[in-house]
Amino acid sequence: MKVLVIGSGGREHAIVDACARAGHEVLCTPGNPGIAAQARLLASAQDAPALAELAVREGADLVIVGPEAYLAAGVVDECERRGIPAFGPTQAASRLEGDKAWSKAFMVRRGIPTAEHRSFDHLDAALGHAATLTPPIVVKDAGLKAGKGVTIAHTPSEAEAALREIFTQGGAQAVIEDFMTGQEVSILALTDGERYALTPPSQDHKTIHEGDTGPMTGGMGVICPFPVSEEQLQVIRRDIVEKTLAGMRAEDLPFRGVLYAGLMLTPQGPKVVEFNARFGDPEAEAVLPLLESDLAQHALDAARGQLDPAQVRFRDGASAVVILAAPGYPAEPRKGIALDLPADSEEAKVFHAGTAEKDGRLVSSGGRVLAVTGLGEKREEALERAYALADRVGFEGAQLRRDIGFRIGLGGKPG
Ligand code: GLY
C-alpha cells in the first residue's frame, strides 16, 4: 500500500515507522529529517484541498493525518470527497477535541463521566465564577492549543491570570472545571466509528520539571503500559469509549480515527479530563513501537468502516519515552542547536520531533526536539534503555525529565 502521512513531529515519525515496518511505501508531508530516512518527503501543501490533491497526484491508497489542526481544517473530508480513504475524524467530528466547551457539553448530554464544569465566552463572567470557587481549579482555553492551554490554578490569582491570558490572546471561550485527583492515563482507541481496539494504557508527564512541577508542555515522557485494573478498564470501555462512539453516531458525527481519552482514575472511578481526536504525542512514540500488526491496514479498514479489532495486536512488554526538549522550552525554546544522534537499535529508537537540516547539519527547530523510546520486557528495562540512548545524544542544554514513571514507583522520584 502507498501511505501518505501528514505531519512533521515525533508522533508522525512513529506513524511512519509503524507503516514502514509493515512493508508499506510511505510518503510524508512535510515530514522532518528523521522521517526522511523511512519515507519520501513531499513539500508541504498550504490547505486541506491542496493536501488532498497531493494525495491524488501521488496515487496514495491511504492518508493518515497526525496533528489535530489538519483534522480541524477538513483534510479527511477533502480526501473522502476525492475517493481517498483517510484515517481520522471529519472536520465536524474533530470538534470533540477542537472545541472543549462543546466537548464538555457532549459528555454531560451523553452521561460520560467527567469533572463538573462551566463554559464562558466573556472574561468578566468567567472571573466572577472563578472567584466563587476554592482552588485548585482547572482553567482551559476551549480552542485548539496543541495539548497546552490548560492551567491548574492553585490560587485565585493564578486562575485570574489564566483567564485573562485566554481572553487577551484571542481565545473565544474558557472552560472552568473542578480539579480531579488520581492518576492520569491516556487511552487511545483505533475506531471505525463503531468497533474499536484499545492501545495499551499509557501515562504522559505533562509538566516541564520533575515531580510534575513547572509549566505545562505538550508532554515530556511516557510510561507504558500504565497499570489499570480490569474493573477500571471495563468502566473505560463501557462508560467512556462506547458511550462516546455511540453518542457521536447519534449526533450524526460518526467518529473514525483515533479517539484519545485523557482520563483521571479518580477515587470515584475513571473520568474524562479531555478528548483528543488523534494519536497523542508522545503517547504514539510509546504505543506504536509495541504494535505487532499492521497500522496502515487497520487505518484503511477503519476509514472504510470495517475495522476488525481482533486483528490489532500489541507485543507483550513495555515501552518508555523520554523527551529531549530545547533549552528555554516551553516559553521560548532556543532553535538551531546542533544535534548528534547515536544509532538506533532493536530496543531503542530516536524519533525526531522538532529537527531540521541547516547547512548539512542536523539542528533543533522546535520545543520538543527528540523523543527517545526504549522497549523491554518490563517497564524498568524500557526506561533504562530509553535513558541510556538519550544520554548518548549530543544536544547542548537539552532538558529532560529523569523521573518518567515516578508515579508508579519508577524513574527515581517519589510522588
Ligand atoms: N500528550 C498529550 C497530547 O497529545 O495531547
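If I take R0 = 41 Å and measure r between the Cβ atoms of Glu242 and Asp61 in this structure, what FRET efficiency does the formula 1/(1 + (r/R0)^6) give, to the nearest 0.05? Once rounded, the FRET efficiency stands at 0.85. Put a plus charge on the Cβ of each Lys and Arg, a minus charge on the Cβ of each Asp and Glu, and nothing anywhere else: the dipole of the range 359-402 about its Cα centre is then about 140 debye. Only helices enter this figure: runs of n ≥ 4 DSSP H residues, each worth -39500 (n - 2.57), summed and divided by the residues of the chain, yield -7500 deg cm²/dmol at 222 nm to the nearest 500. Using a Gaussian network model of the chain in which every pair of alpha carbons under 10 angstrom is joined by a spring, one finds that among Thr244, Thr373, Thr213 the greatest mean-square fluctuation is at Thr213.
Considering only the other residues whose Cβ falls under 13 Å of the Cβ of His24, what net charge follows from Lys and Arg at +1 and Asp and Glu at -1?
Taking every other residue near His24 into account, the sum is -1.
Between Thr191, Thr155, Thr114, the residue with the greatest mean-square fluctuation in the GNM of the chain (Cα pairs under 10 Å linked by springs) is Thr155. How would you classify the range 111-172 from its alpha-carbon gyration tensor, with a ≥ b ≥ c the square roots of the eigenvalues: rounded for a/c under 1.5, else prolate if a/b is greater than b/c, otherwise oblate? It comes out rounded by the Cα gyration axes.
With neighbour counts taken as other beta-carbon atoms within 10 Å, the residues His209, His122 rank, fewest first, as His122, His209. Summing +1 for each Lys or Arg and -1 for each Asp or Glu among the other residues whose beta-carbon sits under 12 angstrom from that of Gly376 gives -3.
If you look at the Cα atoms of the range 140-274, you get an Rg and a Dmax of 16.1, 45 Å.
Identify all lysines with a Cα-Cα distance to Lys358 below 27 Å; exclude those on the same chain that are fewer than 8 residues away in sequence. Answer for Lys358, where 27 Å is the Cα cut-off: Lys335, Lys349, listed by chain and number. The Stokes-Einstein estimate for the chain, based on a Kirkwood radius over Cα pairs and taken at 25 °C with 0.890 mPa s viscosity, is a diffusion coefficient of 114 µm²/s. Springs between Cα atoms under 10 Å define the GNM used for the chain, and in it the highest mean-square fluctuation of Ser293, Ser94, Ser202 occurs at Ser293. Judged by the gyration tensor of its Cα atoms, with axes a ≥ b ≥ c, the range 230-301 is oblate; a/c meets the 1.5 cut and b/c is at least as large as a/b. Global dimensions of the range 1-122 from alpha-carbon coordinates: Rg and Dmax equal 16.5, 52 Å.
At an R0 of 35 angstrom, the distance between the Cβ atoms of Leu41 and Thr168 translates into a FRET efficiency of 0.40. Amide H contacts for Val5 (H built 1.01 Å from N in the peptide plane; partners 5 or more residues away or on another chain; cut-off under 5 Å): Leu27, Cys28, Thr29, Ile64. Contact order, relative form, for the range 279-415: 25 percent (alpha carbon pairs under 8 Å, 6 or more residues apart, mean separation divided by residue count). Listed by chain and number, the lysines whose alpha-carbon sits under 25 Å from that of Lys140, ignoring those within fewer than 8 places in the same chain, are Lys100, Lys104, Lys148, Lys206, Lys243, Lys271. Assuming charge only on the beta carbon of Lys and Arg (+1) and of Asp and Glu (-1), the dipole of the chain about its Cα centre is about 200 debye to the nearest 20.
If Lys and Arg each add +1 and Asp and Glu each add -1, what is the summed charge of the other residues whose beta carbon sits under 15 Å from the beta carbon of Leu190?
Residues close to Leu190 contribute a combined charge of -1.
When the Cα positions of Leu341, Ala318, Ala331 are compared along the charge dipole of the range 310-353, Ala331 comes out farthest toward the positive end, with charges on each C-beta of Lys, Arg, Asp and Glu. Inter-part distance, the range 346-415 to the range 54-128, computed on C-alpha centroids, equals 30 Å. Taken over the range 280-415, the convex hull of the Cα atoms encloses 145 Å³ per residue.
Read the figures in this text as sums done on the coordinates, not as results from a lab. As the structure is a computational prediction, the values presented were derived from the model and not from experiment. Using ideal geometry, Cβ is built from the backbone for each residue, glycine included, and neighbour counts are taken over all protein chains shown.
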